[in-house]
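A short write-up of the structure that comes next.
The values are calculated or read from the model by the stated rules, or taken from the named source; none is laboratory data. Worth saying up front: this structure is predicted, and the values here are computed from it rather than measured. In this analysis, Cβ positions are derived from the backbone assuming ideal geometry, glycine residues included, and neighbour counts consider all displayed protein chains. Areas reflect the complete protein model, heavy atoms only, side chains present, ligands, DNA and RNA absent. Shrake-Rupley method; radii C 1.70, N 1.55, O 1.52, S 1.80 Å.
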Amino acid sequence: MGSCSSQATTIPDVDTIRQEIGFSQASLVRLYRRFRDLDRNKKGYLCRRDLRQIGALAVNPLGDRIIESFFADGSYSVDFSGFVRVLAHFRPVDDEEIQDPKAPEPLNSRMNKLPFPFQLYDLDRDGKISRHEMLQVLQVMVGVQVTEEQLESITDGTVQEADEDGDGAVSFLEFVKSLEKMDIEQKMSIRILK
Amino acid sequence: MFLLLPFDSLIVNLLGISLTVLFTLLLVFIIVPAIFGVSFGIRKLYMKTLLKIFAWATLRMERGAKEKNHQLYKPYTNGIIAKDPTSLEEEIKEIRRSGSSKALDNSAEFELSDIFYFCRKGMETIMDDEVTKRFSAEELESWNLLSRTNYNFQYISLRLTVLWGLGVLIRYCFLLPLRIALAFTGISLLVVGTTVVGYLPNGRFKEFLSKHVHLMCYRICVRALTAIITYHDRKNRPRNGGICVANHTSPIDVIILASDGYYAMVGQVHGGLMGVIQRAMVKACPHIWFERSEVKDRHLVAKRLTEHVQDKSKLPILIFPEGTCINNTSVMMFKKGSFEIGATVYPVAIKYDPQFGDAFWNSSKYGMVTYLLRMMTSWAIVCSVWYLPPMTRETDEDAVQFANRVKSAIARQGGLVDLLWDGGLKREKVKDTFKEEQQKLYSKMIAGNHEDRSRS
């Protein structure tokens, strides 16, 4: 007859996480419960298989790539602090938060939110989205519904539009520039209910 | 020391006698009403008292939390993140509109920002999805004095701990032995009774006896779990030649339904105690037990069920189409097998109140014996059963649509969330075919516009 208490005291490294990442105590408790629910064999960490078992994620065409973003540098497992660190990028920007000018930029700032979708395009992590990588992403998103030629022409058009220095690829800065009017803070935020 | 001996044995004797008398009285008070299907209302009173105590306990915990200036952990039934119920198309259009510096150009084929939609949706499902949370026990809003459901340990005061200790004493030292004794009685009566009835020649008398033996034993088992069941719309109870379908939360569902009606059970042949019970039951009336090898053969299963259903003298079949235990907050995909047979379907919705004891069987966490022990050391199992009006398959719908229609009716009545996901996701990955749905939707946005352009 075990207890299922998930108070903050049982979360590993809770103080370091709170300082670095900025989630509230209550949010951390919820996310920890979620982490434990996903960790089916109670290993203490998540592997790719645990995330793949989420049905709604498996039907997302970019599901596999999103899962990859949790596993930095090809590692096989992600612990709770790593899990929360990735999710922190999606924390809504709270205008009331006092920004300490000396502290490093918070994880959920605009500039820190953007590398995330960039990485979904840039598979080989070379800092540029090549034409080939763009084509691959499009193929994943549409499956067999659109012909090869259509996809190629769409890819060419998009790369041309965003590419400013003419190297045939979209670098991170060019990516940021093409999205400068977008309300990234709002579109890439997930709010945890209090 | 020698002086104590006769004194000791006297006390022991007295204790033994009083316990025996107590137990016998209790057994008589509980078993006799079970035989006749009568209730004294003791369980309802018990339930009301418990509710008052739980409310008091939660108040004290909130007070304790306020003193320490913390917030109590409160579970959320609607998910932990704020979600917008917009469609793929709407949201991508909005993303494009917010980032586009050009005039509202509806025929944009693809934008770099489209990926934001999939990215965010993916993250949302990682933080909270509809299915994973259905396979762990439901969280309670107020504490019910069981340590297994406590999320706020540090706020328990001394008084509360004493109360909890008292609760443990009552549940383990009084209720548990009583319940085990009742369960033992119920099961042995079932086995013996059905075997004896099996020796009688087939006829009306045999059927009558068989029905009452079954009902009596199930009622004893119901009392063994201290199950407080409220039946609604009993006029819609399943009739011969029909199939009764219900949502599945635990093996106890069978006991709950079978104590109010006489059904033919369907299932796999088990070994051990279950096997003994199954073999005895089938002597008295025709239940449908499949060998393990036969279960894989869908045609064989369908054939046997159809034969049974077509014989109007045979009992209604009891089936749980979800195929696995779900935690009673939602209803998952119904397997279409039982809906292809063409019989009248009698849907039944079962909703447990987890306040008194969570009946959900998390088979990956607990084995059968541990589960039964947990059931017998809870306060009570409280549930409501609704018998819904019978449904038949319309001419223009196929088995899957019919199954979904029945499922929605059950979900609506029981106040459960109606999900299209397969309960098998507990153990397996989702099929790739579902990904195509999303891809099709997105392709329409990209390619649809391209076609318009090439046409004009």
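Calculate what fraction, in whole %, of the accessible area of segment A:1-88 sits on carbon and sulfur atoms when a 1.4 Å probe is rolled over the protein chains.
Details: 1720 of 3800 Å².
Whole-percent figure for carbon plus sulfur exposure: 45.
Tally up the carbon and sulfur contribution to the accessible surface of chain B as a whole percent, 1.4 Å probe, everything protein left in place.
Working: 14540 of 23520 Å².
That share works out to 62 percent.
Within the set B:Lys83/B:Lys351; B:Lys206/B:Lys303; B:Lys206/B:Lys312; A:Lys113/B:Lys121, which residue pairs have Cα atoms separated by over 21 Å? Walk me through the numbers before you get to the answer.
Details: B:Lys83/B:Lys351 27 Å; B:Lys206/B:Lys303 27 Å; B:Lys206/B:Lys312 17 Å; A:Lys113/B:Lys121 15 Å.
Result: B:Lys83/B:Lys351; B:Lys206/B:Lys303 exceed 21 Å.
Hey, what do the phi angles of segment B:326-335 turn into as Karplus ³J(HN,Hα) couplings, whole Hz, using 6.51/-1.76/1.60 and θ = phi - 60°, x for Gly and Pro?
10, 7, 6, 9, 8, 10, 9, 3, 8, 6
With each run of n ≥ 4 DSSP H residues scored as -39500 (n - 2.57), what mean residue ellipticity at 222 nm is computed for chain A after dividing by its residue count and rounding to the nearest 500 deg cm²/dmol? Intermediate values should be presented prior to the final figure.
On the way: 12 runs with 95 residues, N = 194.
It lands at -13000 deg cm²/dmol.
Need the per-residue list for segment A:135-157: every residue with at least 10 Å² less accessible surface in the complex of protein chains than in the chain by itself, probe 1.4 Å, sorted by number.
Residues losing area: A:Leu138, A:Val140, A:Met141, A:Val142, A:Gly143, A:Gln145, A:Val146, A:Gln150, A:Ser153, A:Ile154.
Am I reading the B/A interface right? What is its buried accessible area, both sides, 1.4 Å probe, to the nearest 100 Å²?
Values: alone 26650 and 12650 Å², together 33150 Å².
For B against A, buried area totals roughly 6100 Å².
Please work out the Kirkwood hydrodynamic radius for chain A, using every pair of different C-alpha atoms, and report it in angstroms with one decimal place. Don't jump to the answer; show the numbers that get you there.
Working: mean 1/r = 0.0529 Å⁻¹.
After inverting the pairwise mean of 1/r, the radius is 18.9 Å.
Could you work out the per residue convex hull volume over the alpha carbons of the protein assembly as shown, in cubic angstrom? Don't skip to the answer; put the middle values down first.
Numbers: hull volume 143.9 nm³, N = 650.
About 221 Å³ per residue, rounded to a whole number.
On a 29 Å Cα-Cα criterion, which of the cross-link pairs B:Lys52/B:Lys235; A:Lys187/B:Lys435; A:Lys42/B:Lys336 come out too long? Show your work: numbers first, answer last.
Working: B:Lys52/B:Lys235 33 Å; A:Lys187/B:Lys435 23 Å; A:Lys42/B:Lys336 34 Å.
Listed pairs above 29 Å: B:Lys52/B:Lys235; A:Lys42/B:Lys336.
Restricting to bridges with both residues inside the protein assembly as shown, how much of the DSSP beta-bridge set is antiparallel, in percent to the nearest 5?
Working: 11 of 32 bridges.
In the protein assembly as shown, DSSP labels about 35 percent of beta bridges as antiparallel.
Test of understanding: express the Cα radius of gyration of segment A:1-88 as a ratio to 2.2 N^0.38 Å, with N the residue count.
On the way: Rg = 13.4 Å, N = 88, 2.2 N^0.38 = 12.1 Å.
Rounded to two decimals, the normalised Rg is 1.11.
Hey, what do the phi angles of segment A:78-88 turn into as Karplus ³J(HN,Hα) couplings, whole Hz, using 6.51/-1.76/1.60 and θ = phi - 60°, x for Gly and Pro?
Values per residue, Gly and Pro as x: 10, 8, 5, 5, x, 4, 5, 4, 5, 5, 5 Hz.
Would you mind working out the accessible area per residue for the protein assembly as shown, using a 1.4 Å probe, and quoting it in Å²? It would help to have the intermediate numbers written out before the result.
On the way: 33150 Å² over 650 residues.
Heavy-atom accessible area per residue stands at 51 Å².
Select from segment A:61-160 those GluC sites (Glu not before Pro) which occupy a DSSP coil region and have at most 11 other Cβ atoms within 10 Å, ordered by residue number.
Working: sites: A:Glu68, A:Glu96, A:Glu97, A:Glu133, A:Glu148, A:Glu149, A:Glu152; in loops: A:Glu96, A:Glu97.
Sites meeting the loop and neighbour criteria: A:Glu96, A:Glu97.
As an exercise, use a Förster radius of 22 Å and the Cβ-Cβ distance of B:Glu291 and B:Thr370 to find the FRET efficiency, rounded to the nearest 0.05.
On the way: r = 27 Å, r/R0 = 1.25.
According to the calculation, E is roughly 0.20.
In degrees between 0 and 90, to the nearest 10, how far off the longest principal axis of chain B does helix B:272-284 point, with axes built from Cα atoms?
Result, in degrees: 80.
Which cross-chain or sequence-distant (5 or more) residues have an amide H under 5 Å from the amide H of B:Ile81, H modelled 1.01 Å from N in plane?
Under 5 Å from the amide H of B:Ile81 lie the amide H atoms of A:Leu193, each far enough along the sequence or on another chain.
Run lengths n ≥ 4 of DSSP H only: what is the helix-derived mean residue ellipticity at 222 nm for chain B, with -39500 (n - 2.57) per run over all residues, to the nearest 500?
Working: 14 runs with 225 residues, N = 456.
Calculated from helices alone, the mean residue ellipticity at 222 nm is -16500 deg cm²/dmol.
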